[in-house]
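The values are calculated or read from the model by the stated rules, or taken from the named source; none is laboratory data. As the structure is a computational prediction, the values presented were derived from the model and not from experiment. Here Cβ is always computed from backbone atoms with ideal geometry, including for glycine, and neighbour counts include all displayed protein chains. Just so you know, the surface numbers come from the protein's heavy atoms only, side chains and all, with ligands and any DNA or RNA stripped out. Shrake-Rupley method; radii C 1.70, N 1.55, O 1.52, S 1.80 Å.
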Amino acid sequence: MTTYQTTDAPRKLQPAALRELSGYASEVLSPAGRIEDAPPLAGAGVHLSITLSAFNALLTPAEGAKDIDRLADAEHALDHLHRTTNYVRGHLVASVSEAEREARHQGLVDSCREEGLAVVASLTAELAFDPGRRVTVRLTDGDAYQSVRIEEEGQPVRTWRLSGRDRLELHHGMHEIGRIIWLMLRAEEGR
């Protein structure tokens, strides 16, 4: 793990400085994302700009804003931050071979196991759609979450191969599930 040190004294986050940064980011990043067939990183820049603006709104809420409004502002910021990461994943899929991505993912899984962290071996979820329609989805580490098994009443079992970007997102999601449960177990054990 890399540790960074600074000689600057800690100071509070300055709303005016963040407002200036979000304005600058909008001027610099947003136009590139509007061109036709913009590359993934240009799209990431647009959503990063929106995230900074939304973060600014969280830091300086409108006068009289209710907690539910602040929650909506926070969800807006998180949604655009998530979109930023999706575009970055799209960039990675375009620039890194599938074999290298798989090796990296396997390395992360091995590293987590060596450190005693949880690794999601499989996940089964039931998705609810319109009334009465339910689909069971199963992912396993047997094929590094490359495919998803779909079971739905009245339909044959289907297996779909996931795109590279979707798999990167799933890898991240599975890692987060493992991390959250691991932290809960540690807290329960009093560590």
At least 1 residues that are small (Gly, Ala, Ser), in contact with a strand residue (DSSP E or B) (Cβ under 6 Å, 6 or more places away or on another chain) and open to solvent by less than 50 Å² (accessible area, probe 1.4 Å) in each: list the strands (runs of 3 or more DSSP E) lying fully within the range 89-191 that qualify.
122-128, 147-152
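Quick one: in the range 32-83, of everything that is β-branched (Val, Ile, Thr) and surrounded by fewer than 19 Cβ atoms within 10 Å (Cβ to Cβ), which residue is nearest to Arg165 (Cα to Cα)?
So the first thing to find is which residues in the range 32-83 are β-branched (Val, Ile, Thr), and the list is 35, 46, 50-51, 60, 68.
The next check asks that each one be surrounded by fewer than 19 Cβ atoms within 10 Å (Cβ to Cβ); those that pass are 35, 60, 68.
Numbers: Ile35: 22, Thr60: 35, Ile68: 33 Å.
The extreme case among them is Ile35.
Take Thr85 and decide whether it is of a type in the set (S, T, N, Q) and in a strand (DSSP E or B). Even if it seems obvious, please write down each step before you answer.
On the way: of a type in the set (S, T, N, Q): yes; in a strand (DSSP E or B): no.
Against the criterion (of a type in the set (S, T, N, Q) and in a strand (DSSP E or B)), Thr85 does not qualify.
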Write out, first by first residue and then by second, each pair whose Cβ atoms fall under 8 Å of each other, whose residues are 6+ apart or on separate chains, and whose first residue, in the range 17-32, is under 9 Å from Ser53 (Cβ atoms) while the second is assigned to a helix (DSSP H, G or I) and aromatic (Phe, Trp, Tyr).
Ser22/Phe55
Cβ pairs under 6 Å, 6+ apart or interchain, first in the range 115-130 and farther than 19 Å from Gln146 by Cα, second open to solvent by less than 80 Å² (accessible area, probe 1.4 Å) and small (Gly, Ala, Ser), ordered by first then second residue, are Ala118/Gly178
Look through Arg11, Arg19 and report the one residue that is among the basic types (Lys, Arg) and in a helix (DSSP H, G or I).
Arg19
